[in-house]
Structures are given as C-alpha cells and as structure tokens.
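What follows is a set of notes on a single structure, which appears directly below.
The values are calculated or read from the model by the stated rules, or taken from the named source; none is laboratory data. Model, not experiment: these values are computed from the prediction. FYI the Cβ positions are ideal-geometry reconstructions off the backbone, even for glycines, and counts take in every protein chain you see. Note: areas computed on protein heavy atoms with side chains; ligands, DNA, RNA excluded. Shrake-Rupley method; radii C 1.70, N 1.55, O 1.52, S 1.80 Å.
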Amino acid sequence: MVNFNRFASFVALIDAGSFTRAAQILGVTKAMVSADLKRLEAELGVSLVTRTTRRLALTEVGERFHRDCVRLIGEAELAVQQARDGQETLKGTLRVTSTAEYGLNYVLVAIAEFSAIHPELRIEYSTLQHQADLIAQRFDVAVRLGTLRDSTLRATPLQKFSTVPVATRAYLVGKPEITTPDDLARLEWIEHARFTSALTWTELRTGKTMQTPHFKGALEVDTANAALTLVLAGCGAAILPDWLLENDLRDELLIRLVPNYSLPYQGAYAVFPNTAHVPAKVRKFIDFMRDFLRRTM
C-alpha cells in the first residue's frame with residue numbers, strides 16, 4: 001500500500017524545487033526526502049521526476065500525480081479540521097464590534113442565539129461608528145457595511161442590501177413632483193457625515209445609469225438612526241438602508257422616492273485579522289451569522 005506521508009513529501013519537493021529546500025520545509029534530512037521519492041516511485045511503478053544537475057523536472061505522469069496529491073492533501077486537511085471543529089467546545093472570549101443600527105437589528109440578536117449554543121464562550125460586544133482598529137483594539141470580528149476599503153484584513157460577505165431615498169408623505173405635500181433622481185435636488189436632505197460621494201442610479205426599466213451629486217442639506221448626522229428620526233419628524237429626505245426602513249415603509253410612514261430607479265447594492269461583511277490560522281470561535285461565529293441572516297432577511 002502506498003504511504004500517504006510520502007505524498008506530502010513529494011508535493012513539498014516539487015513546490016520547493018530542490019531536495020535541500022524541501023528538507024528544510026519538512027524539518028527532515030535531504031536523504032529522507034530523496035528516500036521518500038525513491039520509495040514512492042517504486043510503490044507506484046512509475047518515474048515521477050527527471051533529475052538533472054541543475055533542477056528537478058516532472059514527467060508527464062508526475063505532473064498529473066502532483067495535481068492529484070495537492071487536491072488529496074487539501075481534502076484530507078479539510079476533513080481533519082472539520083472533524084476537530086465538530087468536537088470543539090468554544091471557550092475563551094470572542095470580541096465583536098459593529099455599527100449601532102446594524103448591531104441592534106441583527107448582530108445582537110445573532111449573538112443571543114450563538115451564546116445559547118456555546119455557553120462556555122464569553123462574548124464582548126462593542127458599538128463603534130468609526131472603523132475600529134481590530135489589531136490594536138483586540139477585536140476578533142467586525143461587522144462592517146458598505147464598500148470595503150483596501151485592507152490587510154480578511155473579509156467575508158454576509159448580506160447584500162439596498163439603500164433607498166425616503167421622505168414622509170406630509171413633508172412631500174406642496175413639493176414639486178419627484179420623478180427622476182435629478183428632481184431629488186429640489187428637496188431638503190438629511191446628510192450622513194460619512195457618505196459624501198456622487199450617486200449612481202440605474203433606471204429599472206431600461207438599465208440606463210446616471211449620476212447625481214450627493215444631496216446637501218442643513219442637517220447632518222453620523223448615524224442612520226439619527227437620519228431616520230429626522231426624516232420621520234418631517235425635516236427632509238434621506239437615503240437609508242432598506243433593512244432599517246422595512247416597518248416604516250410597510251406602515252406607510254415613509255414614501256420611497258423615485259421607485260423606478262435603484263442605487264448599487266451595498267454589503268455587510270465580517271472582517272477579521274489576516275492570520276495563518278483563523279480561530280474556531282471566529283469561523284463558527286461568521287458561519288452562524290451568515291446562516292442567521294439567511295433565515296431572518
């Protein structure tokens with residue numbers, strides 16, 4: 001029977017390009033790497049490598065076998081990790097942060113369910129409007145919204161959502177008719193301090209796009225909830241995430257403006273430090289959060 005350990009030695013040899021470097025990577029002697037290759041070729045009854053004084057070259061059979069070995073080793077490592085995860089009791093502390101609105105609507109509800117499943121895990125949740133420095137502030141996971149900036153952190157998508165221009169029916173009484181995004185400039189706007197770039201609109205019927213500046217107003221806030229409060233008070237219009245507006249739109253407390261146009265989808269992302277090994281508590285929380293959003297959205 002072929003020894004599976006020699007598969008890993010063979011892959012390391014080919015990836016390293018020499019017996020010396022492969023031995024260093026594997027933490028064994030050069031002679032052991034050479035012996036592994038000879039035994040593997042004898043067990044298979046084929047030549048995998050052509051040796052020259054300058055380099056190693058894979059034979060045609062060796063190329064196919066190398067690809068298969070890489071796949072098999074990856075599947076084996078995944079199977080081991082999944083088996084370990086299945087038996088793992090999550091302990092220690094998981095530190096999570098998100099914005100206030102999204103945290104209140106989704107993250108905290110998910111944390112409540114996740115904590116019940118993993119009672120030995122301590123979870124610390126913090127609300128931050130600005131983007132936290134995960135490394136300096138020792139956060140394990142941040143749930144961030146919108147378009148992510150370039151980062152050395154890792155990110156995985158959790159959810160897509162729309163942003164929608166809205167106002168109250170009472171506020172719109174006596175205002176000019178609003179039919180296109182250009183007409184929106186005639187309204188008073190509640191500005192969000194962190195969103196100032198131009199807006200790209202797509203006409204749903206034709207697929208044509210157009211741009212408008214970000215609309216200005218006399219009132220500026222730094223949270224979506226604050227903007228929503230001012231809109232409901234009749235102070236003007238605002239562009240807000242659809243997940244925050246569901247009840248008010250259903251109860252007709254708010255009117256969606258220019259419904260024949262849409263803005264680009266935004267995303268909710270789980271962001272975490274880019275380490276070689278992602279802790280089980282982080283992996284499991286992100287997987288749970290993604291499943292939770294699928295069930296509740």
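Some values worked out for this structure:
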quantity: Cα shape, the stretch 157-238, gyration tensor, a/c 1.5 rule; calculated: oblate
quantity: Tyr171 accessible area, 1.4 Å probe, all protein chains in place, Å² to nearest 10; calculated: 20 Å²
quantity: Kirkwood estimate for the chain, i.e. one over the average of 1/r between Cα atoms, Å; calculated: 23.8 Å
quantity: Ranking by accessible area, most exposed first, for Glu252, Glu75 with a 1.4 Å probe; calculated: Glu252, Glu75
quantity: Cα-Cα pairs of the stretch 1-50 separated by more than 16 Å (percent); calculated: 29 percent
quantity: Charged-residue dipole, Cβ positions (Lys, Arg, Asp, Glu), the stretch 161-297 about Cα centre, Debye nearest 20; calculated: 560 debye
quantity: Eligible lysines near Lys160 by straight Cα distance, threshold 25 Å, same-chain separation 8 or greater; calculated: Lys208, Lys281, Lys284
quantity: Solvent-accessible surface (1.4 angstrom probe) belonging to Arg256, in square angstrom, nearest 10; calculated: 100 Å²
quantity: Additional length obtainable on full extension of the chain from Ala100 to Leu26, 0.36 nm per residue less Cα span; calculated: 21.9 nm
quantity: Those chymotrypsin sites (Phe, Trp or Tyr not before Pro) in the stretch 1-48 that DSSP places in a loop and that have at most 12 other beta carbons within 10 Å; calculated: Phe4
quantity: Simple label model, 7 Å out from Cα along Cβ direction - Thr59 to Arg295, nm; calculated: 5.5 nm
quantity: Reciprocal mean inverse distance between Cα atoms of the stretch 1-124 - Kirkwood radius, Å; calculated: 18.2 Å
quantity: Top of Ala238, Ala167, Ala276 by mean-square fluctuation, Gaussian network on the chain, Cα under 10 Å; calculated: Ala276
quantity: Calculated [θ] (222 nm, deg cm²/dmol) that DSSP helices of n ≥ 4 give over the chain, each run adding -39,500 (n - 2.57); calculated: -12000 deg cm²/dmol
quantity: 5 angstrom amide H check on Glu124, placed H, neighbours 5+ away; calculated: Leu94, Arg95, Val96
quantity: Distant alpha-carbon pairs in the stretch 195-240 (separation over 17 angstrom), percent; calculated: 44 percent
quantity: Most fluctuating residue given options Gly62, Gly267, Gly234, as computed from a GNM of the chain linking Cα atoms under 10 Å; calculated: Gly62
quantity: Surface accessible to a 1.4 Å probe, per residue, for the residues of the chain, Å²; calculated: 57 Å²
quantity: Ellipsoid semi-axes in whole angstrom, largest first, where each is sqrt(5λ) of the Cα gyration tensor of the stretch 198-297; calculated: 32, 19, 16
quantity: Largest to smallest accessible area among Ser162, Ser47 [probe 1.4 Å]; calculated: Ser47, Ser162
quantity: The stretch 1-57 - percent relative contact order, Cα under 8 Å, separation 6 or more; calculated: 34 percent
quantity: Computed accessible area, Val11, all protein chains, 1.4 angstrom probe, square angstrom; calculated: 20 Å²
quantity: Residue-span extension gain [Glu120 to Ala155] - 0.36 nm each, minus C-alpha spacing; calculated: 10.0 nm
quantity: With Cα atoms, 0 to 90° folded angle of helix 280-296 axis to the chain main axis; calculated: 40 degrees
quantity: Surface share of carbon and sulfur [accessible, 1.4 angstrom probe, percent] for the chain; calculated: 51 percent
